[in-house]
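Novice: The structure that follows is given in the form of structure tokens.
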Amino acid sequence: MLSIGEMARASGLSVSALRFYDGAGVLAPALVDPGTGYRRYAQQQVPAARLVAGLRRVGMPLTEITRLLDLRASNPAAVPELLDAHLRRLEDGLSDARREVHRLRALFDPSARPTTGARGRVTVPARDLAAAIDAVRFAVGADPELPMLGGIRFEVDGSILRLVATDRYRMAFSEVGGELSGTGDLPPGPEDLVDPEGAAGGSAPAVFAPVGFVDEARALLTGGGTAALVLGADHISLRFRDRRVAGIPLDHDFPDYRRLLRETAGGPGRRRVTVDVAGLRERLAVAETRTVVREQDGAQCVVSVLTVDAGNALTVSGAGVPDDPDVVRVGVNREFLLDALDAAGPGQLVLELDGPISPLAVRRLDDRAFSILMPVRL
């Protein structure tokens, strides 16, 4: 048996940390002397303590550490997924922090502010761009009181053009490979690629395009060939063959969609079910539904309930199911789910669900397009 001081030296945790983790139920000693209250640890607990120390160094929350320690004993194969989910949250948080620091720096340094007219040009296959627009168009907001939702965000990440749209109740993403270059009188360089939202110098452009421009651009994209999309702080245009459409980006802050991505990253309990789109549409057409009044705006919506049992079998109904730890269920707006299926296209896709209060994710198998539907409280 090890004293608490010996355990601290062996694990890299301080004595006070060991006491804290004991009180939190994360790492209890093997024995506590009833007379003196001294904690004693078994030698076999050292690896777990070292694991806790490492997880805290990377900022994992206590609840996640507890879950990971449980999985380490009961289901080791699920541990990497939990670690990957935490890593994605860290990476997204770092990206958010960089943007915020640059935004703050711009308050004091005029040279760090976005340059009017600074822009970037991305060339993409026309058919791929058309498919990417089709995959997100259904999620564009139409509420005139929420103009910050009435368009599609275009952003470039390396060689990837990403499109994002949301109307609060659903969010859609798509990606297409492209070739990015600077435009203007000077050779392309980091200074030519300024994010209007204040990303650090050298980041690729991101603009919020009005839905009218998007629809005009989509109408041009018929047939093969490549299309050139120019993204600027005060200008956006698309040229395809000998035709061109142009517009002015919306002057609104797009919602922080990365936060929702972090929230839906999920963990070991998140179910993934591969379904046939045509078969799921047929089940939705005949399955029982229920009408629910939406809390946010009082509107009525028709809801389908998706349940996944312990064998990963999907059921569609309008009713709830008895409380069962092996059964996961979520209620979704039936019309929104059908729209998401249409946007995903024919063939197969993956549904991801994690319970009645977590969003439902609808993913294409190639993961180049997916949507997130907010749950409807039953």
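The values are calculated or read from the model by the stated rules, or taken from the named source; none is laboratory data. Computed from a predicted structure; not experimentally measured. Ideal geometry is used to build each Cβ from the backbone, glycine not excepted, and the neighbour counts take in all protein chains shown. Just the protein is used for accessible areas: all its heavy atoms, side chains included, with ligands, DNA and RNA removed. Shrake-Rupley method; radii C 1.70, N 1.55, O 1.52, S 1.80 Å.
Novice: Using a 1.4 Å probe on the protein chains only, how many percent of the accessible area of segment 300-361 belongs to carbon and sulfur?
Specialist: Of the solvent-accessible surface of segment 300-361, carbon and sulfur hold 48 percent.
Novice: Report the FRET efficiency, 1/(1 + (r/R0)^6), for A97 and S159, where r is their Cβ-Cβ distance and R0 is 30 Å, rounded to 0.05.
Specialist: It comes to 0.80.
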